[in-house]
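Since the structure comes first, as structure tokens, the remarks are kept for the end.
The values are calculated or read from the model by the stated rules, or taken from the named source; none is laboratory data. These figures come from a predicted structure and were not determined experimentally. Methodologically, a virtual Cβ is constructed for each residue, glycine included, from the backbone with ideal geometry; neighbour enumeration extends over all protein chains shown. In case anyone asks, the SASA skips ligands and DNA or RNA and just uses the protein heavy atoms, side chains included. Shrake-Rupley method; radii C 1.70, N 1.55, O 1.52, S 1.80 Å.
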Amino acid sequence: MSETLPSLAEVDAEIRHLQLAMPGSELHGGLSGWLAGGGDDLAAWLAPVLADAALPAPAAGSALDRMRVATATQLEDRDFAFALLMPEDGEPLSVRSAALFDWCRGFLGGFGLAAGERSSLSEEGNEALADLARLAAAQPDPDDEDDAVEEDALTEIEEFVRVAALLLHGDAALGPRHRNRLN
């Protein structure tokens, strides 16, 4: 069984305490991208993920530390249990879609920092990365209604993002790790 992510409220509270200028979904996306791109699963992950050497390591057992442990465990889970840190389903559609776009922006930043130029992605991985970039550039439509069609569309996009992150993790982190074991 995979680790459970802390709640978005817990992560946001710790972000406010550390005076970071980003929402929790974006930070989770950054961490996920870092790990998917082959970044190290370090207790002091915050500094390399946010490219700020002055940032302290999250305290052991804190929401950010639990987020790191859960995310790393979920990305490695053979049952594909990886989850995105998103607002609850009861939140307005515009809030949840904004969080998804934030998550994608964070993912791209973290992935780029970890993978850099050394990443050799599959054709599907390159397509997934391009699709995530399009989502990262999107803005929520404040006029979107909270109706079943829009809810279903957001659910499908979230699932696509989740699978894209797993695919990129396979290409950039798992693939090189397995090739190194064979050599």
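Scanning the stretch 25-39 for residues that are touching a Pro at 6+ places or on another chain (Cβ under 9 Å) and at pLDDT 95 or above turns up SER25, TRP34. Within the stretch 82-96, residues that are of a type outside the set (Ser, Thr, Tyr) have Cβ atoms under 7 Å from residues that are open to solvent by 30 Å² or more (accessible area, probe 1.4 Å) and modelled with pLDDT under 95 in these pairs: PRO87/VAL95; PRO92/ASP146; LEU93/ASP144; LEU93/ASP146; LEU93/GLU150; LEU93/GLU151, counting only partners at least 6 apart in sequence or on another chain.
Taking the stretch 5-17, which residues are over 11 Å from LEU85 (Cβ atoms) and touching a helix residue (DSSP H, G or I) at 6+ places or on another chain (Cβ under 8 Å)?
Step one: list which residues in the stretch 5-17 are over 11 Å from LEU85 (Cβ atoms), which gives 13-17.
ALA13, GLU14, ILE15, listed by residue number.
Residue-wise test of (1) hydrophobic (A, V, I, L, M, F, W, C); (2) over 27 Å from GLU156 (Cα atoms).
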| residue | (1), (2) |
| --- | --- |
| ARG16 | no, yes |
| GLY24 | no, no |
| ALA44 | yes, yes |
| THR73 | no, no |
| ASP77 | no, no |
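Tally up the residues in the stretch 46-105 that are closer than 16 Å to ASP12 by Cα and among the hydrophobic types (A, V, I, L, M, F, W, C), please. Going through the stretch 46-105 one residue at a time, the tally reaches 14. The set of residues in the stretch 11-57 being farther than 18 Å from ALA114 by Cβ and either among the aliphatic types (A, V, I, L, M) or part of a loop (DSSP other than H, G, I, E, B) (or both) consists of VAL11, ALA13, ILE15, LEU18, GLN19, LEU20, ALA21, PRO23, ALA54, PRO56.
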